[in-house]
Amino acid sequence: TAKDAGRDQTVIFNESIRQKADEREKIERCLRTALDHDELTVFYQPKVDIETGQIMGSEALLRWEHPDLGSVPPWKFIPLAEECGLMPSIGEFVLRQSLEDMNVVRKQGFDLSVAVNVAPIQFQSDSFTDRTLGILGESGFPLDKLELEITESSIMEDPQRVYRQIVPIRDEGVEFAIDDFGTGYSSLNTLATMPFDTLKIDRSFVMNMAESEDRRVIVQLILMMAQQLRMKTVAEGIETRGQYDHLKAWGANFAQGYLWSPPVPFAAFKAMVRAGLDDIDDADELSDKRR
Ligand code: C2E
Ligand code: MG
Ligand code: MG
Ligand code: MG
């Protein structure tokens, strides 16, 4: 009967909520020990100068490989890490590791920069600025070669607070980028007054450029706006030669994407830097090889 069917659905519904909660709890439990057990690693995705096609730096991206859970994607564990209070220490681990790794590459004679993501919750702690400055000081890394990325939506949660927290770090020469631009709700006024050096256009805009004239117009407008505000621009998620050609024609400064390489372990990144990027005409084959 309809009544039984309804009850069954409720049972199934509760069952799936319970499973989700169980999974969450399991991930959370494992995450607490992940740092101590060296399960977290930092991958690097090359960032390319659009004009020259050369690697000029990278973005550091966190990876978690658990013995039972396998590789857990960032969208699954980073929000959890934020909720259960682990993000400050995980964020600091990523920063330390990236600077250490990039010091190695720089000692080999490659003048590369690195971009590190900062989670919204990291700003909510008053000690963020001092702790970050402490890590930077210990690293010996040239601070004008470091960029910290903050998502548009997390800036807009409390722009004044973000402003206060980043200014002392920026005074030391570190640059700041607005990440995932176009997906949050920026007030253009806030954007114009915040001390950001770089604007990263979200992948979702780049993705549909070939099919949609509207998308192309939006990307062009974002680039024009950034240029007028004297910000540098990075396009994320470049997968095709066509997307690259558009962005180059429109004056974007830098790009990242599978066209060159997905994020890779440090050893693979070093090898890529030494070898230089191959001709990108065979991009599909290349990114298969590197994935
Ligand atoms: P994000 O900072 O916007 O990073 C770019 C994401 O786009 C990365 O996903 C990268 O692998 C992916 N990507 C780059 N090029 C392409 C492409 O051509 N095609 C496609 N399909 N994807 C591309 P990933 O590594 O899975 O990271 C997802 C998000 O997780 C990041 O987005 C960032 O918000 C967060 N995240 C990753 N590592 C960290 C970290 O150390 N700290 C913090 N706070 N967040 C992190
Ligand atoms: Mg980022
Ligand atoms: Mg991004
Ligand atoms: Mg993004």
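By the compact-protein rule of thumb, 2.2 N^0.38 Å, the alpha-carbon radius of gyration of segment 51-187 corresponds to a ratio of 1.08. Highest mobility in the GNM of the chain, judged by mean-square fluctuation with C-alpha springs under 10 Å and restricted to ASP22, ASP214, ASP49, is found for ASP22.
Helices in the chain that qualify as membrane-span-like (whole DSSP H runs, Cα extent of at least 20 Å along the helix axis, mean Kyte-Doolittle hydropathy of -1.0 or higher) are 87-107, 213-228. Can you send over the carbon and sulfur percentage of the accessible area for the chain, probe radius 1.4 Å, protein chains only? After summing per-atom areas, the C and S share lands at 50 percent. Computed over the Cα atoms of segment 106-185, pair by distinct pair, the Kirkwood hydrodynamic radius stands at 13.3 angstrom.
Based on alpha carbons, the Rg and Dmax found for the chain are 20.7, 75 Å. Annotation: extensible slack from THR190 through THR33 equals 52.6 nm (criterion: 0.36 nm per residue apart, minus Cα-Cα distance). Here the chain carries DSSP beta bridges of which approximately 40% are antiparallel, counting only pairs with both residues inside. Identify which of ARG203, ARG24, ARG63 has the largest mean-square fluctuation in a Gaussian network model of the chain, with springs joining Cα atoms closer than 10 Å. With Cα springs under 10 Å in the chain, the top fluctuation among ARG203, ARG24, ARG63 is at ARG24.
Its alpha carbons considered, segment 59-133 gives a radius of gyration followed by a Dmax of 14.0, 40 Å.
Let a ≥ b ≥ c be the square roots of the eigenvalues of the Cα gyration tensor of segment 10-67; is it rounded (a/c under 1.5), or, if not, prolate (a/b larger than b/c) or oblate? It comes out oblate by the Cα gyration axes. Is segment 147-272 best put as rounded, prolate or oblate by its Cα gyration tensor, with a ≥ b ≥ c the root eigenvalues, rounded for a/c under 1.5, and otherwise prolate when a/b is larger than b/c, oblate when not? The shape class here is oblate. For segment 47-190, the share of DSSP beta bridges that are antiparallel, to the nearest 5, is 30%.
At 222 nm, what helix-only mean residue ellipticity would the chain give, in deg cm²/dmol to the nearest 500, using -39500 (n - 2.57) for each DSSP H run of four or more? Calculated at 222 nm, the ellipticity per residue is -16000 deg cm²/dmol. Our coupling estimate for segment 187-204, obtained by passing each phi through the Karplus curve with A = 6.51, B = -1.76, C = 1.60 and θ = phi - 60°, is 7, 5, 5, 4, 4, 5, 9, 7, x, 9, 9, 9, 10, 9, 6, 4, 3, 4 Hz, Gly and Pro reported as x.
The values are calculated or read from the model by the stated rules, or taken from the named source; none is laboratory data. Since we're looking at a predicted model, the values are computed, not measured. Protein only, heavy atoms only, side chains kept; ligands, DNA and RNA dropped before computing areas. Shrake-Rupley method; radii C 1.70, N 1.55, O 1.52, S 1.80 Å.
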